[in-house]
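Trainee: Quick one: structure below, then a few questions.
The values are calculated or read from the model by the stated rules, or taken from the named source; none is laboratory data. No experiment lies behind these values; they were computed from the predicted model shown. Cβ: placed from backbone, ideal geometry, glycine included. Neighbour counts: every protein chain shown. With ligands, DNA and RNA removed, areas are computed over all heavy atoms of the protein, side chains included. Shrake-Rupley method; radii C 1.70, N 1.55, O 1.52, S 1.80 Å.
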Amino acid sequence: MSANSIELSSYRDQHFKGSRNEQEKLLKDTSTLYVGNLSFYTTEEQINELFSRCGDVRRIVMGLDKYKKTPCGFCFVEYYTRNEAEFCMRYVNGTRLDDRLIRVDWDAGFIEGRQYGRGKSGGQVRDEYRTDYDAGRGGYGKLLQQKIAPNTAAIV
């Protein structure tokens, strides 16, 4: 790793299959990034347009609601090299995309099935408990939506 490489955050995927040491090693060598706080309306094309400014993007995997199969506010961006991913971490993390400040973090590597939200309602867990109104992420949080309109929450 280069002397001025980007530090690992304290966040770790709690569903990682393997030891903490294995996860740390993968995070230090990875060229895959987790991108969070996306609008549900941000397209793969918009993500590619922004992230390809930092290097050649190998693939983008959009995060999907596990029931509706619609975007749910995150994705994985895989570069060909660690250097391209580090450049992206340095310059894209905390920038605005679709009028939202996005979060970019290291990911141990995409594995099939991780593209689906882990929340009870199918999306991201954080969107279950949100109490604020966020138009870019489907309005109010899922639990609050159920309290406001219990018969329509499943439809929304």
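Trainee: Could you tell me which Cys residues in the chain have no other cysteine's Cβ under 4.7 Å from their own Cβ, answering none if every one has a partner?
Mentor: Cys72, Cys75
Trainee: Here's something else I'd like to know. At 1.4 Å probe size, what's the solvent-accessible area of Glu24? Round to the nearest 10 Å².
Mentor: Accessible surface of Glu24 is approximately 40 Å².
Trainee: Calculate the dipole size of the range 64-103 relative to its Cα centre from +1 charges on Lys and Arg beta carbons and -1 charges on Asp and Glu beta carbons; express the result in debye to the nearest 20.
Mentor: The calculated dipole for the range 64-103 is roughly 180 debye.
Trainee: Keeping all protein chains in place and using 1.4 angstrom, which order do Ser10, Ser31 fall into by accessible surface area, from largest down?
Mentor: Ser10, Ser31
Trainee: Tell me what the chain gives for mean residue ellipticity at 222 nm when only DSSP H runs of n ≥ 4 count, each as -39,500 (n - 2.57), the sum divided by the residue total, rounded to 500 deg cm²/dmol.
Mentor: One gets -7000 deg cm²/dmol as the mean residue ellipticity at 222 nm.
Trainee: If you don't mind, there's one more thing I want to ask. How much of the calculated P(r) for the range 1-108 lies past 22 Å, in percent of all Cα pairs?
Mentor: Summing the P(r) of the range 1-108 above 22 Å gives 30 percent of all pairs.
Trainee: If DNA, RNA and ligands are ignored and the probe is 1.4 Å, what is the ranking of Thr30, Thr43 by accessible area, most exposed first?
Mentor: Reading off the accessible areas and sorting them downward yields Thr43, Thr30.
Trainee: If amide H atoms are built 1.01 Å from N in the plane of the peptide, which residues on other chains or at least 5 residues away come under 5 Å of the amide H of Trp106?
Mentor: Ser9, Tyr34
Trainee: Give me a comma-separated list of calculated 3J(HN,Hα) values for the range 110-118, in order, Karplus coefficients 6.51, -1.76, 1.60 applied at θ = phi - 60°, integers in Hz, x for any Gly or Pro.
Mentor: 5, 10, 3, x, 6, 6, 9, x, 9
Trainee: Considering only Cα-Cα distances, which of the following residue pairs are longer than 22 Å: Lys17/Lys142; Lys28/Lys120; Lys69/Lys142; Lys69/Lys147; Lys25/Lys66; Lys25/Lys120?
Mentor: Too far apart for the 22 Å limit: Lys17/Lys142; Lys28/Lys120; Lys69/Lys147; Lys25/Lys66; Lys25/Lys120.
Trainee: A follow-up question, please. Keeping all protein chains in the complex and leaving out DNA, RNA and ligands, what accessible area do you get for Lys28 with a 1.4 Å probe, in Å² to the nearest 10?
Mentor: Ignoring ligands and nucleic acids, Lys28 comes out at about 90 Å².
Trainee: What is the set of long-range amide H partners of Gly139 at a cut-off below 5 Å, with H atoms built 1.01 Å from backbone N?
Mentor: HN-HN under 5 Å from Gly139: Asp134.
Trainee: Sorted by accessible area with a 1.4 angstrom probe, largest first, how do Leu144, Leu26 fall?
Mentor: Leu26, Leu144
Trainee: Can you list residues whose amide H is under 5 Å from Arg118's amide H, if they're 5+ apart or on another chain and H is modeled 1.01 Å from N?
Mentor: Close amide H contacts, sequence-distant or interchain: Val125.
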